[in-house]
1. How about the range C:98-122: which of its residues are crowded, with 17+ Cβ neighbours inside 10 Å and at pLDDT below 95?
2. Pick from the range D:29-58 the residues that are in a strand (DSSP E or B) and crowded, with 20+ Cβ neighbours inside 10 Å: which of them is nearest to the other protein chains (Cβ to nearest Cβ)?
3. Please give the number of the condition A:Ala111 fails out of (1) among the small types (Gly, Ala, Ser); (2) more than 16 Å from the chain's Cα centre (by Cα); (3) part of a strand (DSSP E or B).
4. Of everything in the range D:73-91, what is farther than 16 Å from D:Trp7 by Cβ and in a strand (DSSP E or B)? Give them in sequence order.
5. From D:Asp17, D:Asp61, D:Asp51, which residue is in contact (Cβ under 8 Å) with a residue 24 or more places away in the chain and among the acidic types (Asp, Glu)?
6. Please state which of the following conditions B:Arg130 fails to meet, knowing it meets all the rest: (1) basic (Lys, Arg); (2) assigned to a helix (DSSP H, G or I); (3) under 26 Å from D:Gly20 (Cα atoms).
7. Going through A:Asp73, A:Asp61 one at a time, which residue ends up being at positive phi and at the interface with another protein chain (Cβ under 7 Å from one of its Cβ atoms)?
8. Search the range B:8-21 for residues being open to solvent by 10 Å² or more (accessible area, probe 1.4 Å) and in a strand (DSSP E or B), and hand back the single one that is farthest from the other protein chains (Cβ to nearest Cβ).
There are 4 protein chains.
Amino acid sequence: MNAAFEWPVRIYWEDTDAGGIVFYANYLKFMERARTEWLRAAGVGQQALADGQDLIFVVTDTRLRYRAPARLDDLLHVSVEPVELGRARLVLAQRVRLGETPLVEGEIAVACVERATMRPRRIPSDLLSRLAVVPAPHA
Amino acid sequence: MNAAFEWPVRIYWEDTDAGGIVFYANYLKFMERARTEWLRAAGVGQQALADGQDLIFVVTDTRLRYRAPARLDDLLHVSVEPVELGRARLVLAQRVRLGETPLVEGEIAVACVERATMRPRRIPSDLLSRLAVVPAPHA
Amino acid sequence: MNAAFEWPVRIYWEDTDAGGIVFYANYLKFMERARTEWLRAAGVGQQALADGQDLIFVVTDTRLRYRAPARLDDLLHVSVEPVELGRARLVLAQRVRLGETPLVEGEIAVACVERATMRPRRIPSDLLSRLAVVPAPHA
Amino acid sequence: MNAAFEWPVRIYWEDTDAGGIVFYANYLKFMERARTEWLRAAGVGQQALADGQDLIFVVTDTRLRYRAPARLDDLLHVSVEPVELGRARLVLAQRVRLGETPLVEGEIAVACVERATMRPRRIPSDLLSRLAVVPAPHA
């Protein structure tokens, strides 16, 4: 059983490079789209969070392993699984797959900061409790 | 004699697509780099303009003609020539060349707006007068 | 009645810039995603076209008018309407809207070329005839 | 004494996001520009390598730590230091600084592959020996 949150990502020309494959930096974008939708599934809109509480999440650490390339027109799936839900920091395991083939795996750490100062802030507790129980979209 | 302001742009993997050539949307980035350096040559820092007077330039119209492709490792030159220096709006002719070969030509219109409201604002007059006499970098 | 083909595009952090709005060059990406899906709705896969017949579409002309900005989390809709279906060239009218608010309008011309040589080629006639009758996705 | 190879990178609007800072995925682009110039300083042109020997370098692992943000108009410096020069794989330590302030640090592993098949290939020995002695650009 796969209970992780997953989000589909289609590959367009903009995502590829002259090697004929997806440019590796773009997987960070795909993983962020999936994190954004995972937050949205928990009822968290980041524009609203920034406007209402001046809080944004910033990435502090990334670790990615690239195992196989994707190409134009491929339909990928990107998962999000919380590894650590801290008071001011989240660590998420993320995987990108094409069908059953794993393409990229990684861990992304994000910190909650005040936008105006970039200083660390506690994640609002109601938000944290909702993140602990994000439903998988197709489970 | 070519008295237009010019800025060099090197092509990296990030700029290319699976067609083996530079992804066409990226020429808008190259043209913006050249406009930014043209402003800088006139003594205008955009971060300072935004911080100090809450003014930013936003693009309102673009028209581009693509004549020949660029490839990885190419060293392009991007020019900026003012066509219209209005009170709240600039129109710039821009060309991208590889050696003597023209690759892309276009016209870009930008408006001066207040960042907070996105409403049109007059371009500070000292800034306008400096733009009228930007020196070409290698003339 | 709006019979144009439309494709939804969600705005993520990757799409925005420090002005707090969507970076203007990215609308070209959104329009290309819509064109790709319009081709796909006509049964045309571009990777298959490149692999099978060595044909790719390259953009030759773009003209865009930016009327209002989009922001993080916005859900846009991008339309595609053929203006000209030529033997070796397509001209498409494209619009981006947020709800009923028009954001960006433009015309994009693309040419069919042989990938190896970048020389113009006739668009396969079966492909052209299918493009003339692409169904709108939600009509 | 700092003998690492360094490359300057200016921050433009295209590099920023709505948080007002550089979008974190873009540091991978900056690091690649520096690696490309480091290769070029060793006499290695990647387009020529691809055309002549069908060899490209693909990224297999990235690990980045983000310590402080950069903003519009900042002039960054990106370094490259070989950690491992293997037969088919390179590991490089890379740092991004703004003046004396470290912004991002990371390790990037790249593999040499045949473009047509994406299979690992030995790095040409003359190329490897030149990489061992790349001069720092301003040492």
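The values are calculated or read from the model by the stated rules, or taken from the named source; none is laboratory data. Keep in mind that this is a model prediction, so the values were computed, not measured. Don't worry about glycine lacking a Cβ; one is built from the backbone with ideal geometry, like all the others, and counts go over all protein chains shown. When the accessible area is computed, the model is the full protein with side chains, heavy atoms only, and any ligands, DNA or RNA have been set aside. Shrake-Rupley method; radii C 1.70, N 1.55, O 1.52, S 1.80 Å.
1. The answer is C:Arg115, and nothing else.
2. Kept after step one, since they are in a strand (DSSP E or B), are these residues of the range D:29-58: D:55-58.
Within this subset, residues satisfying the condition of being crowded, with 20+ Cβ neighbours inside 10 Å are D:56-57.
On the way: D:Ile56: 5, D:Phe57: 9 Å.
My answer is D:Ile56.
3. So A:Ala111 meets the others, but not (2).
4. Filtering the range D:73-91 for residues farther than 16 Å from D:Trp7 by Cβ gives D:73, D:83-91.
The answer is D:Val83, D:Glu84, D:Leu85, D:Arg89, D:Leu90, D:Val91.
5. Numbers: D:Asp17 fails: in contact (Cβ under 8 Å) with a residue 24 or more places away in the chain; D:Asp51 fails: in contact (Cβ under 8 Å) with a residue 24 or more places away in the chain.
Exactly one residue qualifies, and that residue is D:Asp61.
6. That leaves (3) as the condition not met.
7. Numbers: A:Asp61 fails: at positive phi.
Answer to the selection: A:Asp73.
8. B:Pro8
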